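Inspection log for the structure reproduced underneath, given as structure tokens.
Here, each number is a calculation from the coordinates, and none is a lab measurement. This one's a predicted model, so the numbers in the text were calculated from it and none came from an experiment. For neighbour counting, all protein chains shown are included, and Cβ atoms are generated from backbone atoms with ideal geometry for every residue, glycine included.
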């Protein structure tokens with residue numbers, strides 16, 4: 001987010017500087033005018049977030065008090081919030097076939113949610129989601145202190161995705 005803001009600000013500054021310089025040159029009659037009109041300064045495109053930035057965002061999303069660690073309590077709260085964002089039906093289930101139609105659900109997330117469907121009924125219960133998420137927490141919490149540090153989370157995400165450490 002900060003990198004995106006940086007590039008947007010840099011692009012805006014470059015555009016203002018180029019416009020100001022062009023206006024000053026046009027007002028100064030001693031400066032020869034080019035035969036073709038100057039091209040406007042290209043605004044810098046914000047760089048796409050790197051994998052590291054995406055992993056940091058994933059790992060810090062549940063860090064509610066922003067101390068750099070996700071406590072077990074924060075993780076539980078994140079599970080509940082995540083469950084509600086999936087939109088369970090009146091009976092308390094989430095239909096996996098409908099999740100694929102949501103633009104905010106990526107293919108990887110959909111695969112992980114489908115893997116959480118232990119009874120294979122095509123629906124997720126809250127219990128199935130809790131079990132899957134707690135298995136994640138336990139696997140990522142290498143030092144077993146009931147806290148996930150950003151480093152533990154990132155290392156686990158890299159391992160899970162089979163990326164170099």
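Taking R0 as 25 Å, what's the FRET efficiency between residue 82 and residue 165 from their Cβ-Cβ distance, rounded to 0.05?
For R0 = 25 Å, the calculated efficiency reads 0.40.
If all Cα-Cα distances of the range 51-160 are sorted into 10 Å bins from 0 onward, what percent lands in each bin, rounded to whole numbers?
Going from the shortest bin to the longest, the percentages are 14, 44, 34, 8.
State the volume of the convex hull built on the alpha-carbon positions of the range 80-129, expressed per residue in Å³ and rounded to an integer.
Convex hull volume per residue, Cα atoms: 73 Å³.
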